[in-house]
Amino acid sequence: MRLFLIVLATLLVLGCAQAPKEAPKASPAKDPVELGKALFQDSSLGTTGQTCKTCHPNPETSMSGVGKKYPAYFNMAKKEMTLKEVINFCIEVPLKGKALPAGDERLLALEAYLKSL
Ligand code: HEC
C-alpha cells in the first residue's frame, strides 16, 4: 500500500511538472508573420485608437519590398533607420504609443510581417 501511494504521488508530481512545460510551446508555434499581420490591425499598440492599417491600408502593395529598403534614410525622422526603428517610430509618433523593446515578440513579428510583403 505504501509503495502504491509513493508511485501514485510520484506520478502526480511528474504529471504536474510536465503540464506547464507544454503550455509555452503553443505560443512560439504561432507564425510570426501571422502575428505581425494581426498586430498591424491592433489598436493596442498605440493610444489614438488607430492601427498601422489606418495609415497603411494596403501594405501588400504600399509596403512591398520594404524589408530590403531599410536601413535607409527615413524622411519623417530625418535620419537613417533600420526597419525596427521605423516600426517603433510609427508606434511612438503617429500612434502615440510606447516603443517596443529590442527583443519584443511583437516587434519581431511586425518586422517579419513587413519583410514578407
Ligand atoms: C497616423 C498615420 C500612421 C500610422 C498609424 C502608422 N504609420 Fe507608418 N508611416 C506613416 C507615414 C506618414 C509614413 C511615411 C510615408 C510613407 O512612407 O508612407 C510612414 C512610413 C512607414 C514605413 C516606411 C514605409 C516605406 O516605404 O519606407 C513603415 C515600415 C511603417 N510606416 C510602418 C508602420 C507600422 C508597423 C505601423 C503600426 C505600428 C505604422 N506604420 C503606423 C504614417 C503612419
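Quick notes on this structure:
- Rounded to the nearest 20 debye, dipole of segment 30-115 from Cβ charges on Lys, Arg, Asp, Glu: 220
- Database remark: amide H of M81 closer than 5 angstrom to the amide H of A72, Y73, F74 (H placed geometrically; neighbours at sequence offset of 5 or more, or on other chains; Pro and chain starts carry no H).
- The distance between label points at T48 and N75 comes to 1.7 nm (points 7 Å beyond Cα on the Cα→Cβ vector).
- Scoring 82-92, 49-59 by mean Cβ neighbours within 10 Å over their residues and listing the highest first yields 82-92, 49-59.
FYI, it's all coordinate maths here, none of it is from the lab. This one's a predicted model, so the numbers in the text were calculated from it and none came from an experiment. Here the Cβ is made from the backbone with ideal geometry for all residues, glycine too, and neighbour counts use every protein chain on show.
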